[in-house]
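Enquirer: Sharing a structure below in structure tokens format, with a few things to ask.
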Amino acid sequence: MQQGQFLAISRQSPERFASPMSFSLSNGTVVDILAEGIIGFSPAQAGNKDIVLSCGVHGNETAPIEICDELVKNVLTGELTLAHRTLFLFGNLPAMDIGKRFVEENMNRLFSGAHSEGEGLVNQERRRAKQLEDAVAAFYTALPVSSNSPERERIHYDLHTAIRASKNEKFAVYPYLHGLPHSKEQIAFMGACGVKTILLSDAPTTTFSYFSSHDFGAHSFTVELGKVRPFGENDMRRFADAKEMLTQLISQHAITLPEFVEEDFDIYRIHQTINRTQEDFALHFGDDTPNFTDYKKGTLLASETGARYEAQADGEAIVFPNAKVAIGQRALLTVIPTTLDE
Ligand SMILES: O=C(O)CCC(=O)N[C@@H](CCC(=O)O)C(=O)O
Ligand SMILES: [Zn+2]
């Protein structure tokens, strides 16, 4: 509490959080530590939002970890007083220690129960994905929505940074909503964070943000705040707007957002999801080609034995290319400009 060293203790001495613990801060906020890297706060006069901020689901995506570490520190030391119940999740602690995306398996393909499919809970990423799901479920369902109380609003921002540089530096993946409307207010919040590019998903996935969106009706996004860099090497000025808005979100009962103006955003829809199915899967552009580089119809983007993957429309752009993913996993997304209600 004095130093707010929750992440440091979680990483160095996780056994200290082997059993759940609960205590109160002098401002009345109740702190629930469920496990290493999992800490919830319930202010004495909690507003109507239940907010989950997750980071480090990929261990080498350090800027969001540094932001959340500081927010947690500020709450624990009393420098920041929360207005809403907030759950912070530091996802893959062992992967942070080795500075890698993951140790054995990409955690962000293990949600919505995928952790227990096939061989089951055989590695730490699978067990952790289940633990994170359980923590989110307990957090969102702790306060039953009573007919007398105003509807509670569930929010989950899963904070990442991208492996490649991006033409559009900050962008967010809006999970598939099964036909429900996209929230303009949420997109306006993203815009205030400096996230002016939104990718609308076209199908269910096993990502963390789809899990909270689909299972709990949360306003969820995977938010890409910049590029992967080691701890201590992030230029935090590039994250200032995001950090400021996240601080406002959790510490103010209501925040003032600029009106949503669609022209201020680049909205894309996912057009192709290309999975690696063969050992010889190869991308047909350079490793330094940034996300959102677009191509003419017919351009060969990737190939593997038995398949050639081409741009199917002029202006189709690449996102998250990675030829080294495990067989069966997503190696490339392509996106096409769209509008919100198209
Ligand atoms: O830069 C990359 O190739 C990956 C960055 C990253 O981790 N992105 C997420 C996106 C999840 C989503 O589609 O919602 C991921 O690949 O898990
Ligand atoms: Zn990531």
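Enquirer: Here is a list: Phe260, Phe320, Phe285. Which entry is more than 16 Å from ligand 2 (Cβ to nearest atom) and under 30 Å from Ala192 (Cβ atoms)?
Expert: Being more than 16 Å from ligand 2 (Cβ to nearest atom) and under 30 Å from Ala192 (Cβ atoms) holds for just one of Phe260, Phe320, Phe285, which is Phe260.
Enquirer: Report the residue count in segment 200-246 for those that are over 24 Å from Glu125 (Cβ atoms), assigned to a strand (DSSP E or B) and either in the same structural domain as Ile318 (by TED's automatic domain parsing) or aliphatic (A, V, I, L, M) (or both).
Expert: So the count comes out to 1.
Enquirer: In segment 53-88, which residues are under 16 Å from Ala8 (Cβ atoms) and not β-branched (Val, Ile, Thr)?
Expert: Passing the criteria: Cys55, Gly56, Gly59, Glu66, Cys68, Asp69, Glu70, Leu71, Lys73, Asn74, Leu76, Phe88.
Enquirer: When the residues of segment 191-222 are filtered to those that are aliphatic (A, V, I, L, M) and surrounded by fewer than 22 Cβ atoms within 10 Å (Cβ to Cβ), which remaining residue is nearest to the chain's Cα centre (by Cα)?
Expert: Out of the qualifying residues, it is Leu200.
Enquirer: Please list, ordered by first then second residue, the pairs with beta carbon atoms under 8 Å, 6 or more apart or interchain, first in segment 22-40 and touching a residue at least 60 places away in the same chain (Cβ under 8 Å), second buried (at least 21 other Cβ atoms within 10 Å of the Cβ) and of a type in the set (Lys, Arg).
Expert: Correct list of pairs: Gly40/Arg85.
Enquirer: Does Thr273 satisfy the condition of being out of contact with any helix residue (DSSP H, G or I) (no Cβ under 6 Å at 6 or more places or on another chain), closer than 29 Å to Pro43 by Cα and either in a strand (DSSP E or B) or more than 15 Å from ligand 1 (Cβ to nearest atom) (or both)?
Expert: No, not satisfied.
Enquirer: So, in segment 67-120, of the ones that are assigned to a helix (DSSP H, G or I), in contact (Cβ under 8 Å) with a residue 24 or more places away in the chain and within 15 Å of ligand 1 (Cβ to nearest atom), which residue ends up surrounded by the most Cβ atoms within 10 Å (Cβ to Cβ)? Give the steps one after another, and end with the answer.
Expert: Residues of segment 67-120 assigned to a helix (DSSP H, G or I): 67-76, 93-98, 107-109, 114-116.
Filter again for in contact (Cβ under 8 Å) with a residue 24 or more places away in the chain, leaving 67-76, 93-98, 107-109, 114.
Now drop any that are not within 15 Å of ligand 1 (Cβ to nearest atom), which leaves 95-96, 107-109, 114.
Details: Ala95: 24, Met96: 23, Met107: 27, Asn108: 23, Arg109: 21, Ala114: 17.
Across segment 67-120, the extreme among qualifying residues is Met107.
Enquirer: Considering only residues that are away from ligand 2 (no atom under 16 Å from the Cβ) and of a type in the set (Gly, Ala, Ser), which ones fall in segment 195-245?
Expert: Ala203, Ser213, Gly217, Ala218, Gly232, Ala240
Enquirer: Only one residue in Ile250, Ile267 is at negative phi, in contact with a Ser or Thr (Cβ under 6 Å, 6 or more places away or on another chain) and assigned to a helix (DSSP H, G or I), so which one is that?
Expert: Of the residues listed, the single one that is at negative phi, in contact with a Ser or Thr (Cβ under 6 Å, 6 or more places away or on another chain) and assigned to a helix (DSSP H, G or I) is Ile250.
Enquirer: Sticking with this one: Could you list all residues from segment 155-192 that are in a loop (DSSP other than H, G, I, E, B) and closer than 29 Å to Glu125 by Cα?
Expert: Ile163, Arg164, Ala165, Glu169, Lys170, Pro175, Tyr176, Leu177, His178
Enquirer: Next question. Where residues in segment 52-66 are more than 17 Å from Ile33 (Cβ to Cβ) and not in a loop (DSSP other than H, G, I, E, B), which of them is nearest to ligand 2 (Cβ to nearest atom)?
Expert: Top of the filtered list is Pro64.
The values are calculated or read from the model by the stated rules, or taken from the named source; none is laboratory data. Here the structure is a predicted model, which means the values were calculated and not measured. Cβ: placed from backbone, ideal geometry, glycine included. Neighbour counts: every protein chain shown.
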